[in-house]
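Novice: Dropping the structure in here first, questions after.
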């Protein structure tokens, strides 16, 4: 079955805990649906806390050639030539048209270093921990940890202190000009950006590429740092997590809640979404 010629469909997806299993980082449970979406010509667009290198590695494994969003909305990477013309406000870099929403990583590292005396021993972060430390924090292989530490726009922070001090720490970061998002494992320290803003910007490009054609988009996520994206899309798929509750959203409709976890829940929810438009599941 072919997609309706007068309709556009997009899938924006978180990775860790959604497309990828929270514990093993496997995507095998989602493969049949990924293959189906590719067959139908529906772009699957990663929108994640991960780095460009991590996403490039995953895209190569999946045969995915679509745009992607890195580091919680800090930047959008579009393969050069993907759209007919280079989008406004992008720069060309290493085969991509890049739209940056955040200042570079060095800015946030400087703030974290400044706070190290006031909150001594209460937090750690990827740059300071190094590859071995990132591997311990994430259960990634050494190679995977090295990729995760090649950040360009943000810094993941592991909080080690109590909750009251955590709130004070976040407040100090924010007063220094940083935005802070709570993900599944880490605090993401970056600029004034989020996954929802990146999604809306990229969706507009797709709509401009096919003017006058309705665009139906699905956002998929499992944790708090996905909320802006889940609120921004027409339909939100909330994937059940083995370690925390569904993220709380403000919206009252257009939501799908998976009963299964991780990639199996991802596939379950995507099938439900496709069924709502009478597309193959």
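Novice: If R₀ is 25 angstrom, what is the calculated FRET efficiency for the pair residue 23 and residue 276, using the beta carbon separation as r and rounding to 0.05? The partial results should precede the final answer.
Specialist: Working: r = 30 Å, r/R0 = 1.21.
Efficiency computed from Cβ-Cβ geometry: 0.25.
Novice: For the chain, modelled as a Gaussian network with Cα springs under 10 Å, which listed residue fluctuates most, 263, 211, 87?
Specialist: The residue that fluctuates most here is 211.
Novice: Output the 0 to 90 degree angle, nearest 10, between the alpha-carbon long axis of helix 163-175 and the longest principal axis computed from the alpha carbons of the chain.
Specialist: Once rounded, one gets 80 degrees.
Novice: If one takes the longest principal axis of the Cα atoms in the chain, at what angle in degrees, from 0 to 90 and to the nearest 10, does the Cα axis of helix 31-40 lie?
Specialist: The two axes meet at around 50 degrees.
Novice: Shifting gears a bit: If packing is taken as the mean number of other Cβ atoms within 10 Å per residue, what is the order of 21-28, 145-152, highest first? Spell out each step's value before the answer.
Specialist: Numbers: 21-28: 15.8, 145-152: 19.8.
So the peptides 21-28, 145-152, ranked by packing, come out 145-152, 21-28.
Novice: Tell me whether the stretch 105-190 comes out rounded, prolate or oblate; compute the Cα gyration tensor, take square roots of the eigenvalues as a ≥ b ≥ c, and use a/c under 1.5 as the rounded threshold. Please list the in-between numbers first.
Specialist: On the way: a/c = 1.86, a/b = 1.50, b/c = 1.24.
Here the stretch 105-190 falls in the prolate category.
Novice: Also: Mind checking the log10 I(q)/I(0) for the stretch 30-188 at q = 0.20 Å⁻¹? Debye, one equal scatterer per Cα, no solvent, two decimals.
Specialist: -1.29
Novice: Taking springs between alpha-carbon atoms closer than 10 angstrom, which of 267, 30, 252 fluctuates most in the Gaussian network model of the chain?
Specialist: Ranking 267, 30, 252 by mean-square fluctuation puts 252 first.
Novice: What whole number of Å gives the distance from the Cα centroid of the stretch 11-40 to the Cα centroid of the stretch 216-231?
Specialist: 15 Å
Novice: Let me ask something additional. When only Cα pairs under 8 Å and 6 or more residues apart are kept, what is the percent relative contact order across the stretch 105-190?
Specialist: Details: 99 pairs, mean separation 28.2, N = 86.
Dividing the mean separation by the residue count of the stretch 105-190 yields 33 percent.
Novice: In addition: Could you list, bin by bin from short to long, the percent of Cα-Cα pairs of the stretch 131-281 in 5 Å steps?
Specialist: The calculated distribution, bin by bin, is 2, 8, 13, 16, 18, 18, 12, 7, 3, 2, 0.
Novice: Still on this model: How high is the relative contact order of the chain? Use alpha-carbon pairs under 8 Å, at least six apart in sequence, and give a whole percent. The partial results should precede the final answer.
Specialist: Working: 528 pairs, mean separation 63.2, N = 281.
Relative contact order of the chain: 22 percent.
Novice: What is the extension gain from residue 35 to residue 162, computed as 0.36 nm multiplied by their sequence separation minus the C-alpha to C-alpha distance, in nm to one decimal?
Specialist: Values: separation 127, 0.36 × 127 = 45.72 nm, distance 4.40 nm.
Stretched out fully, the residue 35 to residue 162 stretch lengthens by 41.3 nm.
Novice: Taking only Cα atoms, what is the 0 to 90° angle, nearest 10, from helix 262-276's long axis to the longest principal axis of the chain?
Specialist: The angle comes out near 30 degrees.
Novice: In whole percent, what relative contact order does the stretch 151-213 give with Cα contacts below 8 Å and a gap of six or more residues? Working shown, then result.
Specialist: Working: 47 pairs, mean separation 20.0, N = 63.
Over the stretch 151-213, the number comes to 32 percent.
Novice: Which percent, to the nearest 5, of DSSP beta bridges fully inside the chain are antiparallel? Each step should come with its number before you reach the end.
Specialist: Details: 21 of 40 bridges.
The antiparallel proportion sits near 50 percent.
Novice: Can you tell me which of 14, 253, 192 moves the most in a GNM of the chain? Springs connect C-alpha atoms under 10 Å apart.
Specialist: Per the Cα network of the chain with a 10 Å cutoff, 253 tops the list.
Novice: Oh, and also: Just how far, in whole angstrom, is the stretch 55-116 from the stretch 122-175 if you go by their alpha carbon centroids?
Specialist: 20 Å
Novice: On to the next question. How would the chain be classified by its alpha-carbon gyration tensor: rounded, prolate or oblate, with rounded meaning a/c under 1.5 and the a/b versus b/c comparison settling the rest?
Specialist: On the way: a/c = 1.78, a/b = 1.50, b/c = 1.19.
Judged from the Cα gyration tensor, the chain comes out prolate (a/c at least 1.5, a/b above b/c).
Novice: Would you please classify the overall shape of the stretch 109-158 from the alpha carbon gyration tensor, given that a ≥ b ≥ c denote the square roots of the eigenvalues, rounded means a/c under 1.5, and beyond that prolate means a/b larger than b/c while oblate covers the rest? Intermediate values should be presented prior to the final figure.
Specialist: Numbers: a/c = 3.10, a/b = 1.69, b/c = 1.83.
The shape class here is oblate.
Novice: What FRET efficiency would be calculated for the residue pair residue 141, residue 118, taking the C-beta separation as r and a Förster radius of 45 Å, to the nearest 0.05?
Specialist: Details: r = 34 Å, r/R0 = 0.76.
Working from the Cβ atoms, E equals 0.85.
Bear in mind these aren't lab numbers, they're just calculated from the coordinates by the rules spelled out. Just so we're clear, the structure is a prediction, and the values are computed from it rather than from any experiment. With ideal geometry, Cβ positions are generated from the backbone for all residues, glycine too; neighbour counts draw on all protein chains shown.
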